[in-house]
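The values are calculated or read from the model by the stated rules, or taken from the named source; none is laboratory data. Owing to the predicted nature of the structure, the values given are computational and were not obtained by experimental measurement. In this analysis, Cβ positions are derived from the backbone assuming ideal geometry, glycine residues included, and neighbour counts consider all displayed protein chains. For accessibility, only protein heavy atoms count, side chains too; no ligands or nucleic acids. Shrake-Rupley method; radii C 1.70, N 1.55, O 1.52, S 1.80 Å.
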Amino acid sequence: MKPFSPRPLLTLVAALVMLLFCLVPFGYMVLTSFARQPDYLRKQEGLALTLEHYHDILSAESLHFLDYLRNSLVISGVSAACAVAIAALAAYVLTRLRIPGKGTILFGVLAASLFPQVSLVSYLFKVMNALGWINTYPALILPYIAWVLPLSLWILVSYFAQIPLDLDRAARVDGCSRPQILLRVILPVAAPGIFSTFLLAFIFSFNEFLFALVLTTDYQARTIPVGIALFQGLHGEIPWGRIMAASVFTTLPVVALTLLFQRRIVQGLTRGAVKG
Amino acid sequence: MPSDREFKTALLFLLPLLLTVLAFIAVPVAGTIYDSFFRDVTFLPRRFLGLENYRSLLADRAFYQALLFTLLFTIASVPLEVVLGLVFALILNRPLPARGLLRAAVLIPWAIPAAVSGRAFELIYNFSYGLANYLVLTLGLSDAPVNWLGSSYGAFASLVIADAWRTTPFVAIILLAGLTAIPGDLYRQATIDGAGTLQQFARVTLPLLKPVLMVALLFRTIDALRVFDVVYVITGGGPGGSTNALSLYGYQYFLSGDFGYGSTISVVLFAVALALSILYVRVSGFGRELA
Amino acid sequence: MKRSAVWILALCLGLLLAGCRQQPEARLTFAVGGAPAELDVWEEFVRRFSVQTGIAVEMLRQPTDSNQRRQGLLIPLKSSQADPDVFLMDVVWLAQFSASGWLLPFDEAAAEFFPRVLDLVDRHGGELVALPVNVDAGLLYYRQDLLDRYGFVGPPATWAELVAQARTVQTGERSEHPGFWGYVWQGAEYEGLICNFLEVAASAGGEIVEDGNFVLDRPANRQALAFLTGLIHDEPISPPNTFTQMKEEEVREAFQGGRALFERNWPYAWAQHQAPSSPVAGKTGIAPLPHFPGEESAATLGGWHIGISRYTDRPEQARELVRYVTSFAVQKEMALRLGWNPGRRDVYRDPQVLAELPYLEQLRGIFDHAVARPVLPYYTQVSQVLQRHLNAALAGWVPPEEALRQAQAEIEAVTARYRLH
């Protein structure tokens, strides 16, 4: 007989508290998005539910919610894809070829991620301006690629480093060139890693705020975080219902991705960390 | 020695990476540093000022206020997030029902853009009908609604909480990876040696987790120093400028058309971040094995 | 191997080019910001203008947030881009925009606009560089029904009367409405706080600029700031979140929800208060803001002005558009449909407009006494400093004299930076 141990129970309670901490604000967002008035907590008559906020954001063209969402999806998707492609090429070199200065490159790139966005943004603005790209997709895609590259590179290097070199050797014996090895041998084996890197790069780009705030001016290129942060009515009135509906609607795909690919995301994040 | 051909391949493969980082990170940073030596204002002719902007900055009380807030915010939020993240990681590492779902649920706050969750917290702290006052009044913790964002302490704490909500999951997942990498044998050995739970934690968990902890600390510190979106959305720097972060202060100058002074503020922020990173790397030996 | 690298580079380049927006051909670009519903009305105006004149116009829809709108104009102007050709500007940006040489002067006389407004803000170096599209001034809204019930005759003329009335009514109403407040106004750390402060200061005989120099630390200014702080902390007839959350819309909601006796707001609130669904419809009155004994009421000048970019590639068409937007017919329609106070004086005498918006009669007089915020190209920087210190005083952390002294010192430093070189 095992003596009674309070530990599993304590763990369970702790887990519940943790869950509450993580989910209560989100639940509040969801509730407010369905509430007719945002002040339902104060009023005696209580909560009146409605779908009108969702209807508004999806149908009122002048709110441009769907434009923001599309911009965000395209910009984050393309940025993440490019970043992963570039990082994969580099990670292959850094893990497979003997060249001088590997550590310097890896650290240089990692150091690049330490710069505060605000110290890049004024110059990026001038460059994009000179190119006439303000308020276009490239104005965000290019900085985002650079912005998520360090993370992508870091994760992919740790993935590629775990792929046995024997595979390369076998492929070389078969007469494959370097690019062929990367395409036919490494990438298929590292596919899960590539995917989790892509997911992370996507989420990081999707959440970026300052670049999007400065480098875009309207719905033609503005992304969701900025769109929602500046969601306002006349004279600064705050349409809480719509904001929360838009937030929940935006968060759903990301949350769905998180729920579906939780294992991948965790792997991606942990690769970067544990190896370092 | 690598063959000539191999070297060319390497170069070609690295080229996109180096070009992107150079063009969109290194050059802009250099440009910002360059601009900080100029008067670059929309309504006056551009002029070389030397260190004049830096001299003005040293006499600028608002700058000190922003610097102080940024440092305090980092000092308050990073340890909180790391400790909370560690607790979360320890919980997630225990055998629990529906572990996968639990992990996914914990990741939700992190997946929401900070600007968006910032707005949610803005509503939570709302004086007249926010969730925070509802809870405080319902639970009887206070008989009058609390003006959360009304004092410098309140606004500060509110920002730290909103930031912790969003970033603790990130820390937790990184630390969880470190925890799962610790071999179970070590714990069994410790148990045999008669170590209690706390002793196990102090003797086995913490030392082995140190590298990962350092990574989490570094990432979070850098991120906290450049905090922008949470502050921009929730307090906008108020009340009385008490929560004006350096990033936000720099942005305000860009916005008003003074690019030179804005750049100067950014350079100082960048210098602070760099100094702290070097300190971390020195202290922790972070990434030494890679070089 | 080389091919794959080339392929990747080509892909990246392709993406860049695909993302490039096509340059609009021969078109006038007009940047307007505002709430979505307002922008729809603007679009209709622009369409009509195109039909009338055959000039193609692309309307650039900007957000509501004034800082964002400013950024959206600053970016293209700073880089001398031809678009937008015509845009709306907040009254406080005019000095910066004109000093930066971004505005094309108008040559025509503008007799139908408020002369005081034109003199205060629309002229730069003797040239007319902008025209008011709508003009705003701070007003006092009051609950007629409550004043009647508590036996007060008419709205307060002095601040002391306002405090006395507010205290009585607040005490009386609190028994039924615990969240009832005497006076709500804009005290959060943003531009609106400056407007509120300047009105009270001017109504004490104070000013913040004298002969081109800042003079914050004056008795009248101290009196004004101490009075505002007292409203929150001593009386208290203004809610504690005045200095954290109270902006125009929060204030309007409180008053419209029947939770306040007096409200300081811009004229836009009138139409909303009087809307059929509003709980205070038919119970609301409008008056000039109170003043201190022996002084006069004052109202801060707000509003939006239209200007033409120095870099426009079609100045004649741009002038045509400005003439259209500031025409009697469009201004009148703007007043009727958006509740905007027209920039033209003659609209205030139009019988149809007066029938629908009776308060315009009163407003016409208020604009002749409007107080402008300092007309300086670096006003934004000054405003940031001032907002911070005024707000700190309202929060009760710093005594009013101290806040004004500190603000004065910091503003002098800012001024020195932009003036000397």
Checklist entry - Within the range B:161-183, can one find any residue that is over 23 Å from residue A:247 (Cβ atoms), more than 11 Å from every other protein chain (Cβ to nearest Cβ), of a type in the set (Gly, Ala, Ser) and not in a loop (DSSP other than H, G, I, E, B)? => result no
Checklist entry - Of the numbered conditions (1) in a helix (DSSP H, G or I); (2) within 14 Å of chain C (Cβ to nearest Cβ), residue A:204 satisfies every one except a single condition; which is it? => result (2)
Next on the checklist: Restricting to the range C:373-395, name every residue that is within 15 Å of residue C:208 (Cβ to Cβ), over 19 Å from the mean Cα position of the chain (by Cα) and open to solvent by less than 10 Å² (accessible area, probe 1.4 Å).
Outcome noted: C:393
Item to check | Filter result (among the hydrophobic types (A, V, I, L, M, F, W, C) and open to solvent by 10 Å² or more (accessible area, probe 1.4 Å)) within the range C:211-245 | outcome: C:214, C:215, C:220, C:226, C:227, C:232, C:243
Next on the checklist: Here are the criteria: (1) in a helix (DSSP H, G or I); (2) more than 22 Å from residue C:343 (Cβ to Cβ); (3) open to solvent by 10 Å² or more (accessible area, probe 1.4 Å); (4) within 9 Å of chain A (Cβ to nearest Cβ). Tell me which single one residue C:40 does not satisfy.
Outcome noted: (2)
Checklist entry - What pairs come up if the first residue lies in the range B:241-269 and is facing chain C (nearest Cβ under 10 Å), the second is small (Gly, Ala, Ser) and surrounded by fewer than 24 Cβ atoms within 10 Å (Cβ to Cβ), and their beta carbons are under 6 Å apart, counting only those six or more places apart or on different chains? => result B:242/B:152
Checklist entry - Could you say which residue among C:55, C:75 is in contact with a helix residue (DSSP H, G or I) (Cβ under 7 Å, 6 or more places away or on another chain) and touching a residue at least 60 places away in the same chain (Cβ under 8 Å)? => result C:55
Item to check | Output for the range B:207-234, where each listed residue is facing another protein chain (nearest Cβ under 8 Å) and not in a helix (DSSP H, G or I) | outcome: B:226, B:228
Checklist entry - Looking at (1) touching a strand residue (DSSP E or B) at 6+ places or on another chain (Cβ under 6 Å); (2) under 26 Å from residue C:399 (Cα atoms), which is the one condition that is false for residue C:261? => result (2)
Checklist entry - Pick from the range A:142-167 the residues that are open to solvent by 10 Å² or more (accessible area, probe 1.4 Å), of a type outside the set (Val, Ile, Thr) and within 12 Å of chain B (Cβ to nearest Cβ): which of them is farthest from residue A:76 (Cα to Cα)? => result A:161
Checklist entry - Among the residues of the range C:250-272 satisfying the criterion of being within 19 Å of residue C:154 (Cα to Cα) and within 14 Å of chain A (Cβ to nearest Cβ), which is most open to solvent (accessible area, probe 1.4 Å)? => result C:270
Checklist entry - When you go through C:321, C:360, C:338 one by one, which is the residue that is more than 11 Å from every other protein chain (Cβ to nearest Cβ), under 29 Å from residue C:287 (Cβ atoms) and buried (at least 17 other Cβ atoms within 10 Å of the Cβ)? => result C:360
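Where residues in the range C:69-79 are at the interface with chain A (Cβ under 7 Å from one of its Cβ atoms) and modelled with pLDDT under 80, which of them is nearest to residue A:213 (Cα to Cα)?
If we take residues in the range C:69-79 being at the interface with chain A (Cβ under 7 Å from one of its Cβ atoms) and modelled with pLDDT under 80, then C:75 is nearest to residue A:213 (Cα to Cα).
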Next on the checklist: So, residue C:188, is that one under 20 Å from the mean Cα position of the chain (by Cα) and over 23 Å from residue C:292 (Cα atoms) or not?
Outcome noted: yes
Checklist entry - Any idea how many residues of the range A:119-139 are under 21 Å from the mean Cα position of the chain (by Cα), in contact (Cβ under 8 Å) with a residue 24 or more places away in the chain, open to solvent by less than 10 Å² (accessible area, probe 1.4 Å) and facing chain C (nearest Cβ under 9 Å)? => result 3
Checklist entry - Does the range B:83-107 hold any residues that are under 12 Å from residue B:172 (Cβ atoms) and part of a loop (DSSP other than H, G, I, E, B), and which are they? => result B:93
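Across the range B:127-160, which residue is surrounded by the fewest Cβ atoms within 10 Å (Cβ to Cβ) among those that are part of a loop (DSSP other than H, G, I, E, B) and in contact with a Pro (Cβ under 8 Å, 6 or more places away or on another chain)?
B:129
Which one of these is in contact with a helix residue (DSSP H, G or I) (Cβ under 7 Å, 6 or more places away or on another chain) and without any contact (Cβ under 8 Å) to a residue 12 or more places away in the chain: C:301, C:338, C:354?
Working: C:301 fails: without any contact (Cβ under 8 Å) to a residue 12 or more places away in the chain; C:338 fails: without any contact (Cβ under 8 Å) to a residue 12 or more places away in the chain.
None of the other options fit; the residue is C:354.
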Next on the checklist: I want to confirm something. Restricting to the range C:372-395 and keeping residues that are under 19 Å from residue C:301 (Cα atoms) and among the small types (Gly, Ala, Ser), which single residue is modelled with the highest pLDDT?
Outcome noted: C:383
Item to check | Flag for residue C:83 being in a helix (DSSP H, G or I), in contact (Cβ under 8 Å) with a residue 12 or more places away in the chain and acidic (Asp, Glu) | outcome: no
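Listed here are the residues, each with its yes/no results for (1) assigned by TED's automatic domain parsing to the domain that holds residue A:252; (2) touching a residue at least 24 places away in the same chain (Cβ under 8 Å).
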residue: A:6; (1), (2): no, no
residue: A:9; (1), (2): no, no
residue: A:32; (1), (2): no, yes
residue: A:39; (1), (2): no, no
residue: A:77; (1), (2): yes, yes
residue: A:84; (1), (2): yes, yes
residue: A:88; (1), (2): yes, yes
residue: A:95; (1), (2): yes, yes
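Residues checked against (1) among the basic types (Lys, Arg); (2) at pLDDT 75 or above; (3) closer than 18 Å to residue A:217 by Cα:
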residue: C:19; (1), (2), (3): no, no, yes
residue: C:37; (1), (2), (3): no, no, no
residue: C:51; (1), (2), (3): no, yes, no
residue: C:54; (1), (2), (3): no, yes, no
residue: C:67; (1), (2), (3): no, yes, yes
Next on the checklist: Looking only at the range A:176-196, count every residue that is free of Cβ contacts under 8 Å to residues at least 24 places away in the same chain and open to solvent by 60 Å² or more (accessible area, probe 1.4 Å) and tell me the total.
Outcome noted: 4
Checklist entry - Only one of these conditions is not met by residue C:211: (1) farther than 30 Å from residue B:238 by Cα; (2) touching a residue at least 60 places away in the same chain (Cβ under 8 Å). Which number is it? => result (2)
Checklist entry - In the range C:199-318, which strands (runs of 3 or more DSSP E) lie fully inside it and hold 1 or more residues that are closer than 28 Å to residue C:130 by Cβ and of a type outside the set (A, V, I, L, M)? => result C:260-265, C:299-308
Checklist entry - So which pairs qualify, if the first residue must be in the range B:193-209 and free of Cβ contacts under 8 Å to residues at least 40 places away in the same chain, the second must be open to solvent by 80 Å² or more (accessible area, probe 1.4 Å), the Cβ gap must be under 7 Å, and the two must be at least 6 apart or on different chains? => result B:195/B:203
Checklist outcome for this item: Every listed condition ((1) among the β-branched types (Val, Ile, Thr); (2) over 14 Å from residue B:114 (Cα atoms); (3) in contact (Cβ under 8 Å) with a residue 60 or more places away in the chain; (4) touching a Gly at 6+ places or on another chain (Cβ under 8 Å)) holds for residue B:212 save (3)
